[in-house]
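Read through the structure below, which is laid out as structure tokens, and then see the notes.
The values are calculated or read from the model by the stated rules, or taken from the named source; none is laboratory data. As the structure is a prediction and not an experimental result, all values here were calculated from the model. Cβ placement follows ideal geometry from the backbone for every residue including glycine, while neighbour counts extend to all protein chains displayed. What goes into the accessible areas is simple: the full protein's heavy atoms, side chains included, and nothing from ligands, DNA or RNA. Shrake-Rupley method; radii C 1.70, N 1.55, O 1.52, S 1.80 Å.
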Amino acid sequence: MKRVFVIVLDSFGIGELPDAANYKDSGSNTLAACFATGKLQIPNMQKMGLYQIDGVTVGQPVEQPAAAYGRMAERSAGKDTTTGHWELMGLVSQKPMPTYPNGFPKEVLDRLSQETGRGILCNLPYSGTQVIRDYGEKHLRTGDLIVYTSADSVLQIAAHEEKIPLEELYHICETARKIMQGEHGVGRIIARPFIGSSPDTFTRTANRRDFSLVPPQDTLLDYLMKANLETIGVGKISDIFAGKGISKKIVTHSNDEGMQRTLELCQTDFSGLCFVNLVEFDMLYGHRNDALGYTQALNRFDQQLGELIPMFREDDLLFITADHGCDPSTPSTDHSREYVPLLCFGNPVKQNCNLHTRSSFGDLAATIADYFCIEFPGKFDSFLHDISQEISLI
């Protein structure tokens, strides 16, 4: 019974890509920013070889890493969550998804207002915490939707949970998703509910929900399902793929909950992929330029990783990676164009194996497909034989 666990540390980049300047991300390095706090304590990832990875210049390498290690470059155009996760599953995006630095076009918002019966507030790039302080009171008076964006390909709708119940907000976001197609096909529509009675007490809740574009072609997830293998999405994975190729969806509201569900799944029998996203690195710390908070979250994950490792079975594989960067030490509060780490661990994996630099996140998809002995198209390079000790291909 083969099981593969892929854990995405959302936004944990490890240094700028060669084309970072094209994205105004020169010098970005999320790992280095966390290390610079002096508080980074991640012994399990260190033992796996995180500090041995090509291009990593911080931290103390170990003599004999317990895993295979390397870094992956993003081949897709963009640096957003949807694009990154799609490429991890073998779908490269040739064009960046649309962004709206000056707000959304009038015809888009007019249609949203007409179909929802509600007015529109803001319509600017904005901090998600600041936008509810600035527009929350007017929203409570009028019931108008707080619509905003960022440097990423997103349309976000904030609404007070007592003014617009969650189910209505989700329905509004589904309506926005139907509108935002084609030339306006942003990567995600995000529901951003909040609570509180005044600007000083307005707080976003954990009831966020993402409504992504449907992947335009099959990903590894679809091929696994066709092979009668399970594809378990933990966290916002199912939302990122609009449910396509996901056999089981597990909703979580925090990194801790995501890891708890993963620990529980590790004790169950299944054949296939457990695909985990831990969103708080990005959502709570990267976008808020909170390097210390990011560091503490990494420390916490590493502790939970220590709980997970002894639970793996003989044929289990673990891959730890990311989908983009979000350097909390730069002036920007947005994602950064960075390499992502690749740590491969398990009984079948050769220790101290340097995978160097992979030319696409899609190499991970090709490797997983090889492990399950299924055909998977795409110009990617599987590294299964590089990491293999005695991996059975039967």
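Observations on the structure shown:
- Residues that are in a loop (DSSP other than H, G, I, E, B), touching a residue at least 24 places away in the same chain (Cβ under 8 Å) and open to solvent by 10 Å² or more (accessible area, probe 1.4 Å), drawn from region 186-199: GLY196, SER198, PRO199
- Lone unmet requirement of (1) touching a strand residue (DSSP E or B) at 6+ places or on another chain (Cβ under 8 Å); (2) part of a loop (DSSP other than H, G, I, E, B) for GLN64: (1)
For (1) farther than 16 Å from PRO101 by Cα; (2) surrounded by fewer than 22 Cβ atoms within 10 Å (Cβ to Cβ); (3) touching a residue at least 12 places away in the same chain (Cβ under 8 Å), each residue gets a yes or a no:
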{"site": "GLU137", "(1), (2), (3)": "yes, yes, yes"}
{"site": "ALA158", "(1), (2), (3)": "yes, no, yes"}
{"site": "GLU162", "(1), (2), (3)": "yes, yes, yes"}
{"site": "LYS178", "(1), (2), (3)": "yes, yes, no"}
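- From the list ASP323, ASP363, the one residue that fits, being assigned to a helix (DSSP H, G or I), in contact with a Phe, Trp or Tyr (Cβ under 9 Å, 6 or more places away or on another chain) and among the charged types (D, E, K, R), is ASP363.
- Count of residues meeting criterion [part of a helix (DSSP H, G or I) and open to solvent by 10 Å² or more (accessible area, probe 1.4 Å)] in region 1-32: 4
- Set side by side, the residues PHE211, PHE270, PHE281 differ, and just one is among the aromatic types (Phe, Trp, Tyr), under 22 Å from GLU338 (Cα atoms) and out of contact with any His (no Cβ under 8 Å at 6 or more places or on another chain), which is PHE281.
- Exclusive hit being open to solvent by 20 Å² or more (accessible area, probe 1.4 Å), in a helix (DSSP H, G or I) and either β-branched (Val, Ile, Thr) or farther than 18 Å from GLY119 by Cα (or both), set GLU183, GLU174: GLU183
- Of the set (1) in contact (Cβ under 8 Å) with a residue 24 or more places away in the chain; (2) within 25 Å of GLN94 (Cα to Cα); (3) not hydrophobic (A, V, I, L, M, F, W, C), all apply to SER382 but (1).
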